[in-house]
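Written out below as structure tokens is the structure these notes cover.
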Amino acid sequence: MPDPIADLLARLPLWMENTVILLGALLPVLVIGALVLRGFAIWPLLSALLRRQVWVSVVFTMLIAVSIGLGVGLIAQERGLRQGTARAADKFELVIAAPGSEITAMLAAVYLQPSAIPLIDGPTYAQVAAHPNADLVAPLAFGDSYENAPVVGSTPAFVDYLSEGLAEGRVFATETEAIAGARTPLAVGDSFTPQHGQGNEAEGAHGGFEYQVVGRMPLTGSPWDRAYIVPAESVWMVHGLANGHAPGWDGTVGGPFDPDYFPGTPAALVKADSLGGAYVMQAQFNTDRTMALFPGTVLSRLHALMGDIRQVMSILAIVTQVLVTVGVLAGLMMLTRLLARRLALLRALGAPRRFNFALTWSYAVTLIVLGAGLGLALGVLLTRAISGVITDRTDILVTASLGWSELHLVGAFVSLTALLALIPAWLTMTRPVVRDLRG
Amino acid sequence: MTGISLSISDLEVTGQGGRRILSVPRLEVPAGTAVAVRGPSGAGKSTLLYALAGIIAPSRGCITWGDTDIAGLDDSGRAAFRRGTVGFIFQEHLLFEELSALGNAGVTALYAPRRDRRRIRDSAEGLLTRFGLGKSAARRSDTFSGGERQRIAVVRALAGDAPVILADEPTASLDRANADALADDLMRLARDDGRTLVAVSHDPSLHDRADRVIDVRDGQLELPEAQNA
């Protein structure tokens, strides 16, 4: 059955659609506000009330702000993390590895997480490299490191593809040259000796072998920023293996590799000539000897799992915010008892009951709106801080920022709590005027 | 300004448990009269005043101001009556400390119909000047002395141009000179502006200035038969 509202929204530009949704979320508070405040000039007494209860107002506002800030901050962070991980995998269109866990292969190839992965042999690699739909095929030879940073063997073509132009220097041309990631401490001209293994499992240095950094990658927003890329030939050589080329090799690093002298690679990056070509290759290399995976697809499955968590987080965020606000409204109920004499005075002077209702409600809503506004600002700060920490720890560039969904969430929160604020406002109307007037 | 008359018949106000706390079989007050109400504490003076303002609903009888029997009105109707007809002066000033003198004096404008707001504010400003507070109209009310605060409360009661002024111990917190000055002002308001004034007070100087004095004792009005005519 067609939904005319959904159809109408779908035809609007995105910003307008989001604005309409936000206004829709805020509509209840706007309608209630218009009805409650109609005919009254509430501000002088409202500001007097805020000034009289300044510390109480500040505490209540901050409680709301912190709960909103944490809620929207965490949701925005989760989205930023999803986008960051997807962005980091952008260049890794198709990865071919030996059969095993797709997730392990993706984590190793894209995010450089140390893993023990079986190798693809020379003939298989040659088949992949010779495929008519392959624009670029490069081995990804992990396993070495330098000061906890991965040292990955590959080809000059891979460096060109990943970097889209180096930030500094040139691509390696010999087996003793290296490219430094954008966030590594070494500068062009520096030398280093690789260690066997990665992370806690790193063993001794490959003695007698030294790389010289000849180029520097631009920032990619991925763990490759903290890695060193070296010729695959040198990785094989330092491990005492064949260098991928037949005897008489002229020393030019990179493919093509000779299948008979190809020692094996844990994974190969493939860039196909087209999307269709990528699917053709993915289908052809999902065999008993190889596994072809789209990192984007594997990531989507992980994100789908995270999607459920996101929903839980959103619900928890709203529940937390509502609980805090209920606490604040309970506090307001007690506060209205302290204000009872003033409210009774207004009634004795002839103010309609609705005026006291409007005054109490607008006081509560002022705290809620101020808290929501501050909460959004706090959410932005929190998001930036957490993004920085995650980027620092994972090297995945997370640039989380508050988006429309957070604004919609806060809009709905304001409306819901403005509805709840009708309760203490209503209670002020039921108080005995004479008794309150006598104090 | 034209005051309005007061007519009470068969009035009874009961408290908790149905205990009778005020009984007025009959009382007539012509428009523009200044009435002082006196009696010992707990006699029912303030209850009478609150009943006359419609703040307390009587359990029986009629309180007719002009043509309106406020005893027959519901809470909203009585509040509307107060807005349009009654200026109330409370014993302890009862001001909003965070508001200025002018803000307090014109506070009724905040819930008055839009068309009346300017008039109330202008009236409050003029009355503050008349009561010697014009130059400090913008000062917070909690910076004023007790006498000045009471004058602000009087201005608040008058700013709406109400034909009825009800005052609960208006001079209680003032020194002699200020009390006399305020008593003079209240009587002048009744006589010159033609308002009907009912002031509950222990202050003999206010009794001396009033057109009529009514005694209240044990919830009963004691007044000569001639005054009821």
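Which percent, nearest 5, of DSSP beta bridges in the protein assembly as shown are antiparallel?
65 percent
Of the heavy-atom accessible surface of the range A:94-293 (probe 1.4 angstrom), what whole percent is carbon and sulfur? Mind showing how you got there, number by number?
Details: 4050 of 8010 Å².
Taking all protein chains in place, the range A:94-293 shows 51 percent carbon and sulfur surface.
Which whole-number percent gives the relative contact order of the range A:94-293, counting Cα pairs below 8 Å spaced six or more residues apart?
Values: 469 pairs, mean separation 67.5, N = 200.
That works out to 34 percent.
Residue A:249 accessible area, nearest 10 Å², 1.4 Å probe?
It works out to around 60 Å².
Evaluate the relative contact order of chain A (contact order divided by residue number), counting alpha-carbon pairs under 8 angstrom at least 6 apart; express in whole percent. Present the calculation step by step, with values, prior to reporting the outcome.
On the way: 771 pairs, mean separation 120.5, N = 439.
For chain A, the relative contact order is 27 percent.
If you project the alpha carbons of the range A:94-293 onto the principal axes, what extent comes out on each, in Å, largest first?
Computed over the Cα atoms, the extents are 43, 37, 33 Å.
Please give the charge dipole size of the protein assembly as shown, origin at the Cα centre, charges +1 on K and R Cβ atoms and -1 on D and E Cβ atoms. Round to the nearest 20 debye.
Dipole magnitude for the protein assembly as shown comes out near 4240 debye.
Of A:419, A:314, A:156, which is farthest along the charge dipole of the protein assembly as shown in the positive direction, counting Lys and Arg as +1 and Asp and Glu as -1 at C-beta?
Towards the positive end, the residue furthest out is A:419.
Counting only residues 5 or more places away or on other chains, whose amide H sits under 5 Å from the amide H of residue B:87 once H atoms are built in the peptide plane?
HN-HN under 5 Å from residue B:87: B:164, B:165, B:166.
How well do other chains shield peptide B:74-82, expressed as the mean number of their Cβ atoms within 10 Å of each residue Cβ?
Numbers: counts 0, 5, 3, 0, 1, 11, 2, 1, 5.
Per residue, the average neighbour count from other chains is 3.
Could you give me the radius of gyration and the Dmax of chain B, taking only the C-alpha atoms into account and expressing both in angstrom?
Cα only, chain B: 17.0, 51 Å (Rg, Dmax).
Could you let me know the centre-to-centre spacing of the range B:43-75 and the range A:226-303, using Cα atoms, in angstrom?
Rounded to whole Å, the Cα centres lie 96 Å apart.
For the protein assembly as shown, with every protein chain kept in place, what is the accessible area per residue (1.4 Å probe, Å²)?
I get 43 Å² per residue for the protein assembly as shown.
Could you give each residue of the range A:414-429 its phi-based ³J(HN,Hα) in whole Hz, using Karplus coefficients 6.51, -1.76, 1.60 with θ = phi - 60°, and x for Gly or Pro?
4, 5, 4, 6, 5, 5, 5, 5, 5, 5, x, 5, 5, 4, 5, 6
For the protein assembly as shown, which semi-axes, largest first and in whole Å, follow from the square roots of 5 times the eigenvalues of its Cα gyration tensor?
89, 23, 18
Each residue of the range A:352-367 in turn: what ³J(HN,Hα) in whole Hz from Karplus with 6.51, -1.76, 1.60 and θ = phi - 60°, glycine and Pro shown as x?
So the J values, rounded to whole Hz, are x, 3, 5, 5, 5, 4, 5, 5, 5, 5, 5, 5, 4, 5, 4, 5.
Provide the buried accessible surface between chains A and B in square angstrom, both chains summed, 1.4 Å probe, rounded to the nearest 100.
2400 Å²
Find which of A:243, B:96, A:385 sits farthest along the positive direction of the dipole of the protein assembly as shown, computed with +1 on the beta-carbon of Lys and Arg, -1 on that of Asp and Glu, about the Cα centre.
In the protein assembly as shown, that residue is B:96.
How much accessible surface does residue A:397 have with a 1.4 Å probe, in Å² rounded to 10?
Roughly 60 Å² of residue A:397 is accessible to a 1.4 Å probe.
Evaluate the relative contact order of chain B (contact order divided by residue number), counting alpha-carbon pairs under 8 angstrom at least 6 apart; express in whole percent.
It comes to 31 percent, rounded to a whole number.
Label the range A:1-97 by shape, choosing from rounded, prolate and oblate, from the square roots a ≥ b ≥ c of the eigenvalues of the Cα gyration tensor; if a/c is under 1.5 it is rounded, and otherwise prolate applies when a/b is larger than b/c, oblate when it is not.
Verdict is oblate for the range A:1-97.
Among A:336-349, A:316-329, what's the highest-first ranking by average C-beta atoms within 10 angstrom per residue?
Top to bottom by mean Cβ count within 10 Å: A:336-349, A:316-329.
Mind putting a number on the dipole of chain B about its Cα centre? Charges go on the C-beta only, +1 for Lys and Arg and -1 for Asp and Glu, and I need it in Debye to the nearest 20.
680 debye
Applying a 10 Å radius around every beta-carbon, put A:183-189, B:157-163 in order of their mean neighbour count, most first.
Sorting A:183-189, B:157-163 by mean packing, highest first, produces B:157-163, A:183-189.
Tell me, what ³J(HN,Hα) does each residue in the range B:127-135 have, in order and in whole Hz, if you take phi through Karplus 6.51 cos²θ - 1.76 cosθ + 1.60 with θ = phi - 60° and put x for Gly and Pro?
5, 4, 5, 4, 8, x, 10, x, 6
Could you tell me which residue out of A:218, A:180, B:62 lies farthest along the dipole of the protein assembly as shown toward its positive end? Charges go on the beta carbon: Lys and Arg +1, Asp and Glu -1, centred on the Cα centre.
It is B:62.
Mind checking which lysines have their C-alpha under 17 Å from residue A:91, skipping anything on the same chain fewer than 8 residues away?
Once the sequence-local lysines are set aside, what remains near residue A:91 is A:271.
Once you have a ≥ b ≥ c as the square roots of the Cα gyration tensor eigenvalues for the range A:135-238, tell me rounded if a/c is under 1.5, and otherwise prolate or oblate according to whether a/b is larger than b/c.
Rounded, because the longest to shortest axis ratio a/c is under 1.5.
Residue B:135: which aspartates and glutamates have alpha carbons under 12 Å from its alpha carbon, excluding same-chain residues fewer than 8 sequence positions away?
B:125
What's the average, rounded to a whole number, of partner chain beta-carbon atoms within 10 Å of each residue's beta-carbon in B:87-95?
Values: counts 2, 4, 0, 4, 1, 4, 0, 9, 2.
Counting Cβ atoms of other protein chains within 10 Å of each residue's Cβ and averaging gives 3.
For A:39-48, what's the mean count of beta carbons from other chains sitting within 10 Å of each residue's beta carbon?
Other-chain Cβ atoms within 10 Å of each residue's Cβ, averaged: 5.
Quick one: how many Å² of residue A:399 are accessible to a 1.4 Å probe, rounded to 10?
Accessible area, nearest 10 Å²: 80 Å².
Quick query: amide H of residue B:213 versus all other amide H atoms, modeled in the peptide plane; which residues come in under 5 Å with a sequence gap of 5 or more or a different chain?
Answer set, sorted by chain and number: B:36.
Just to be sure I understand: of the beta bridges DSSP finds with both ends in the range A:94-293, what percent are antiparallel, rounded to 5? Show your work: numbers first, answer last.
Values: 27 of 35 bridges.
Of those bridges, close to 75 percent are antiparallel.
Using a 1.4 angstrom probe on the protein heavy atoms only, could you order B:135, A:91, B:45 from most to least accessible area?
Sorted descending by solvent-accessible area, the residues read B:135, A:91, B:45.
Collect residues whose amide H, placed 1.01 Å from N in the peptide plane, falls under 5 Å from the amide H of residue B:97; neighbours closer than 5 in sequence don't count.
Under 5 Å from the amide H of residue B:97: no residue qualifies.
Please give the Cα centre distance for the range A:334-413 versus the range A:118-163, rounded to the nearest Å.
Going from one Cα centre to the other spans 53 Å.
The values are calculated or read from the model by the stated rules, or taken from the named source; none is laboratory data. Please read all numbers here as calculations on a predicted model, not as lab measurements. When we count neighbours, we look across all protein chains shown, and the Cβ atoms used for this are built from the backbone with ideal geometry, even at glycine. What goes into the accessible areas is simple: the full protein's heavy atoms, side chains included, and nothing from ligands, DNA or RNA. Shrake-Rupley method; radii C 1.70, N 1.55, O 1.52, S 1.80 Å.
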